[in-house]
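The values are calculated or read from the model by the stated rules, or taken from the named source; none is laboratory data. Keep in mind the model is a prediction, meaning the values are calculated, not measured. Note: ideal-geometry Cβ built from the backbone for every residue, glycine included; neighbour counts use all protein chains shown.
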There are 2 protein chains.
Amino acid sequence: MSDASFDVVGIGNAIVDVLSHVEDGVLVAQGLEKGAMTLVDAARAEALYGAMGPGVEVSGGSASNTIAGLASLGGRGAFIGTVADDQLGRIFRHDIRAAGVSFDTPPATGGAPTARCLIFVTPDAQRTMQTYLGACIELGPEDIDADLVAAAKVTYLEGYLWDPPRAKEAFLKAAAIAHGAGRKVALSLSDPFCVDRHRAEFRDLVRDHVDILFANEAELCALWEVENFDAALQATRGQCAVAALTRSEKGSVVMADGDVHVVDAAPVARVVDTTGAGDLYAAGFLFGYTAGRGPFNCGRIGSLAAAEVIGHIGARPETPLRALLPAELTR
Amino acid sequence: MSDASFDVVGIGNAIVDVLSHVEDGVLVAQGLEKGAMTLVDAARAEALYGAMGPGVEVSGGSASNTIAGLASLGGRGAFIGTVADDQLGRIFRHDIRAAGVSFDTPPATGGAPTARCLIFVTPDAQRTMQTYLGACIELGPEDIDADLVAAAKVTYLEGYLWDPPRAKEAFLKAAAIAHGAGRKVALSLSDPFCVDRHRAEFRDLVRDHVDILFANEAELCALWEVENFDAALQATRGQCAVAALTRSEKGSVVMADGDVHVVDAAPVARVVDTTGAGDLYAAGFLFGYTAGRGPFNCGRIGSLAAAEVIGHIGARPETPLRALLPAELTR
């Protein structure tokens, strides 16, 4: 195995978030499922945008948030995903590069605009997401840069990739390249509804292709169709080498080679918007993992990164995360 | 004079702001004049954007911020300004309408994209703005809806309109319509560098066309080429019926029909970003003015609106401003 030029390459949907504060009544009036990510077509996205208050646009996307967080911690990250050649696509490209991430996937040419995610933030800081995939549906195996994947210690994939039609081929190609080069493959389950849509495939993936699994409690229960966290934890045992399982304010549980570690959440002065909490936990965990930290410390770094991002609106860090690490956890 | 359908119609540059936190060193490295609004061409805007960190996009523009603030207070506002038929233009249109403002100016067809303002926010909460005017340069007298202007109690214009080539014709047409209908005309001087660019014209305007003048201390000193606030105040006397003069944390001074009122600033827990402070002061003042409040209370409402907007990133209110008013100042 040659030296790695990157710590993590992320593959995911390249999305610009449109965030707006709403009262709960808006969710009811629009028939939106609170806390979920729902896929919508262009017409529905347009109608929902019309019903939404004034918004703020920020680059988003689950795996891209993770890689931006990794870079903010001081890690070396790259991203693969498709935007269109339009204003939102240029914003996405600018922001992820400005965060210090390598991003060179050529723009899609199929005519669909850059993806956007309408995020309705309710007063309880929960977010309800309506995603129009746009140009993301064009991601395919031809977009996987084999040299890049082989040069990264970890290839990180978001479960949402199972929604656009050809991205799973890209995923499997990337996983094969990574393992062929002696690297690791990580997967985030993304959200419980995404797990419901793709449960059988996700179970096969976790068993056959994934070295490091990220999931929250609801996602893991959905994966194994069990009712409580401990049952889900036991079902995960033996499925993959590492599982990093997040539980909101209860912290996280990390299972690594059969041992279980319990990690507390990091304190947050005021939870403003939970968007990106899981993405940033994964960023911190992978930063630690690729630096050779043990499972407990990987979880600690994940908690610190997640705590920063839920203290403000938006799913990418506002302050350099490396400054939040205790000295013994920096590189 | 017929009943007014609108309290205020604003005419200004329709701009999407791109905000990013930077250290002071970035301003030095890029040769940017701190605190100023500088006009840049497309190539320079592109180069500066490349040097900027990850950003947040929010609808902006001075007069449009003011009208959005007026609507948030419960006033009836309309806006005239030109965007392009592009993604940023649709964002601008969505946001101002979602704020409750009437906005029907057709998109420009000249090919330039929607204007954007790159805003570098330094740790002292100051903003340094680099504006690419894009489609704004197409605003002309043909965009002035005479019925709309005649139906608004106040026509409000930003001084920045003197920068694009034909907007001043639009301004003068609007002022003539407003006065012909027995309405009032208000002007904000926008910024001291804008005043430097157009001093002689601004002096004529204030004397001959403006009923209500908004200016901060630096702008007013630039207008009269004097060294201190009191000298600027004395020079303003007799020039227009009302002058609302803002002084940051020192509050504001309102001169109305020769009488002078001194208004304290409203308290702010933490100043995060001063972008929009003057715009929102004008929103509050005009909300009071069009409701028939006296000069002191108009200034108080202005101070309350400004205090909200400097407590967060972005130049438009995040909370409904009407909720911040003491009961005796609501409608």
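Of all the residues in the stretch A:121-138, those that are on the phi < 0 side of the Ramachandran plot, within 14 Å of chain B (Cβ to nearest Cβ) and at pLDDT 95 or above number 2.
Being out of contact with any strand residue (DSSP E or B) (no Cβ under 7 Å at 6 or more places or on another chain), touching a residue at least 60 places away in the same chain (Cβ under 8 Å) and assigned to a helix (DSSP H, G or I) is the requirement here; does residue B:278 meet it? So that I can check it myself, show each step before the final result.
Numbers: out of contact with any strand residue (DSSP E or B) (no Cβ under 7 Å at 6 or more places or on another chain): no; touching a residue at least 60 places away in the same chain (Cβ under 8 Å): yes; assigned to a helix (DSSP H, G or I): yes.
Answer is no for this residue.
Taking the stated definitions as given, is residue B:132 in contact (Cβ under 8 Å) with a residue 60 or more places away in the chain and under 21 Å from residue B:109 (Cβ atoms)? Yes, satisfied.
Quick check: is even one residue across the stretch A:110-117 assigned to a loop (DSSP other than H, G, I, E, B), β-branched (Val, Ile, Thr) and without any contact (Cβ under 8 Å) to a residue 60 or more places away in the chain? No.
Inside the stretch A:10-56, residues that are among the acidic types (Asp, Glu) and outside any loop (DSSP other than H, G, I, E, B) make up a count of 3.
Please go through the stretch B:97-118 and pick out each residue that is touching a Ser or Thr at 6+ places or on another chain (Cβ under 8 Å), under 19 Å from residue B:43 (Cβ atoms) and more than 10 Å from chain A (Cβ to nearest Cβ). Scanning the stretch B:97-118 gives B:115, B:117, B:118. Here is the figure for the stretch A:22-58: residues that are within 12 Å of chain B (Cβ to nearest Cβ), loosely packed, with under 13 Cβ neighbours inside 10 Å and under 16 Å from residue A:122 (Cβ atoms) total 1.
Residues considered: A:206, A:210. Of these, the only one that is in a helix (DSSP H, G or I) and not acidic (Asp, Glu) is A:206.
Just to be sure before I move on: is residue A:293 closer than 18 Å to residue A:185 by Cα, touching a residue at least 12 places away in the same chain (Cβ under 8 Å) and surrounded by fewer than 24 Cβ atoms within 10 Å (Cβ to Cβ) in the structure I sent?
yes
Scanning the stretch B:254-265 turns up one or more residues that are among the hydrophobic types (A, V, I, L, M, F, W, C) and in a loop (DSSP other than H, G, I, E, B).
Residue-by-condition table, conditions (1) more than 18 Å from the chain's Cα centre (by Cα); (2) within 20 Å of residue B:191 (Cα to Cα):
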position	(1), (2)
B:119	no, yes
B:129	no, yes
B:138	yes, no
B:175	no, no
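Residue pairs whose Cβ atoms lie under 7 Å apart, separated by 6 or more positions or on different chains, with the first residue in the stretch A:307-331 and part of a helix (DSSP H, G or I) and the second modelled with pLDDT of 90 or more and among the β-branched types (Val, Ile, Thr), are A:307/A:268; A:329/A:301. Going by the conditions given, is residue A:90 free of Cβ contacts under 8 Å to residues at least 24 places away in the same chain and more than 17 Å from the chain's Cα centre (by Cα)? Judged against the criteria, residue A:90 is a match. Within the stretch B:59-96, which residues are within 21 Å of residue B:306 (Cα to Cα), part of a helix (DSSP H, G or I), more than 7 Å from every other protein chain (Cβ to nearest Cβ) and not polar (S, T, N, Q)? B:63, B:67, B:68, B:69, B:70, B:71, B:73, B:96, listed by residue number.
Which of the residues that make up the stretch A:160-196 are out of contact with any helix residue (DSSP H, G or I) (no Cβ under 7 Å at 6 or more places or on another chain) and assigned to a helix (DSSP H, G or I)? The answer is A:172, A:175, A:176, A:179, A:180, A:193.
Residues in the stretch A:146-172 that are surrounded by fewer than 18 Cβ atoms within 10 Å (Cβ to Cβ) and not small (Gly, Ala, Ser): A:147, A:165, A:166, A:169, A:172.
Only residues that are outside any helix (DSSP H, G or I) and surrounded by fewer than 23 Cβ atoms within 10 Å (Cβ to Cβ) were counted across the stretch B:130-143, and they come to 1. If you go through the stretch A:230-247 and pick out every residue that is assigned to a helix (DSSP H, G or I) and within 21 Å of the chain's Cα centre (by Cα), you end up with 3.
Would the stretch B:20-35 turn up any residue that is of a type in the set (Val, Ile, Thr) and under 26 Å from residue B:103 (Cβ atoms)? Before you say what the answer is, go through the steps one by one.
Filtering the stretch B:20-35 down to residues of a type in the set (Val, Ile, Thr) leaves B:22, B:26, B:28.
Within this subset, residues satisfying the condition of being under 26 Å from residue B:103 (Cβ atoms) are none.
No, the stretch B:20-35 contains no residue that is of a type in the set (Val, Ile, Thr) and under 26 Å from residue B:103 (Cβ atoms).
If you scan the stretch B:167-183, which residues turn out to be touching a residue at least 40 places away in the same chain (Cβ under 8 Å) and within 11 Å of residue B:150 (Cα to Cα)? Passing the criteria: B:174, B:181, B:182, B:183. Taking the stretch B:83-124 as the range and being among the β-branched types (Val, Ile, Thr) and either touching a Cys at 6+ places or on another chain (Cβ under 6 Å) or surrounded by fewer than 23 Cβ atoms within 10 Å (Cβ to Cβ) (or both) as the test, the residues that pass are B:105, B:109, B:121, B:122. Is it true that some residue in the stretch B:231-247 is modelled with pLDDT under 95, closer than 23 Å to residue B:35 by Cβ and not hydroxyl-bearing (Ser, Thr, Tyr)? No, because not a single residue in the stretch B:231-247 is modelled with pLDDT under 95, closer than 23 Å to residue B:35 by Cβ and not hydroxyl-bearing (Ser, Thr, Tyr).
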